[in-house]
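Scroll down for the structure; my scribbles are underneath it.
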Amino acid sequence: MATMRTAHTVWEGNLLEGSGKVALDSSGIGQYPVSWPSRAEEPNGKTSPEELIAAAHSSCFSMALSGGLAKAGTPPTKLVTQAEVTFQPGEGITGILLIVEGAVPGLDEAGFVKAAEDAKKNCPVSQALTGTDIALRATLAAPAP
């Protein structure tokens with residue numbers, strides 16, 4: 001069964017001086033201020049489309065990697081994923097870097113990197129962003145002593 005999630009933005013004013021609020025409608029967890037300066041300069045307590053993409057990508061990738069590892073018989077105990085979305089005014093989104101560190105008992109570094117590459121390729125958000133260069137840095141955490 002397909003699911004649909006919704007959000008909406010109310011924007012007031014022109015691009016450079018205006019501002020808006022993006023609301024996460026499906027979850028109802030909040031409204032977040034957004035502006036051009038928060039996108040092209042410093043966030044100053046506001047979000048941007050790129051930050052929202054980073055949140056979506058890091059969570060989707062983590063789910064895909066966790067599912068793939070579990071399916072292979074090596075479920076992770078912890079994954080920490082950061083997504084860095086680069087925005088260049090006048091050009092758009094120029095790249096995404098996924099940085100993941102995982103604790104996966106019974107798996108070596110090469111196996112972890114392979115699973116991470118597969119998750120990067122196959123997570124639905126990565127697939128939706130195929131027009132963007134997506135890089136990956138995957139590190140297996142050292143086992144606890």
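The values are calculated or read from the model by the stated rules, or taken from the named source; none is laboratory data. What you see is a predicted model, and the numbers here were worked out from it, not measured in a lab. Note that each Cβ is placed from the backbone with ideal geometry, even for glycine, and that neighbours are counted across all protein chains shown. Heads up: the accessible areas ignore ligands, DNA and RNA and are worked out on the full protein's heavy atoms, side chains in. Shrake-Rupley method; radii C 1.70, N 1.55, O 1.52, S 1.80 Å.
Miscellaneous remarks
- Gain in span if fully extended, V80 to A2, counting 0.36 nm per residue against the direct Cα distance: 25.3 nm
- Element breakdown for the stretch 31-145 at a 1.4 angstrom probe: carbon and sulfur atoms account for 54% of the accessible area.
- Listed residues A103, A128, A116, most fluctuating in the chain (Gaussian network, C-alpha, under 10 Å): A128
- Averaged over residues, the count of other Cβ atoms within 10 Å places the peptides 14-22, 66-74 in the sequence 66-74, 14-22, highest first.
- The GluC sites (Glu not before Pro) of the stretch 80-127 that DSSP puts in a loop, and whose beta carbon has at most 12 other beta carbons within 10 Å, are E91.
- When both the stretch 103-139 and the stretch 1-18 are represented by their alpha-carbon centers, they are found 29 Å apart.
- Rounded tilt (10° steps) of 109-122 against the dominant C-alpha axis of the chain: 40 degrees
- Taking the helices alone, the chain has a mean residue ellipticity at 222 nm of -10000 deg cm²/dmol, built from -39,500 (n - 2.57) per DSSP H run of at least 4 residues and averaged over all its residues.
- For the stretch 22-118: rounded, prolate or oblate by the Cα gyration tensor [a/c cutoff 1.5]: prolate
- Average Cα contact separation per residue, the stretch 64-111, under 8 Å, 6 or more apart, as relative contact order %: 37 percent
- Looking at the stretch 1-139, the accessible area is 62 square angstrom per residue; that uses a 1.4 Å probe and ignores ligands, DNA and RNA.
- Given +1 at the Cβ of Lys and Arg, -1 at the Cβ of Asp and Glu and no other charges, the dipole of the chain around its Cα centre is 500 debye to the nearest 20.
- With Cα atoms, 0 to 90° folded angle of helix 49-71 axis to the chain main axis: 20 degrees
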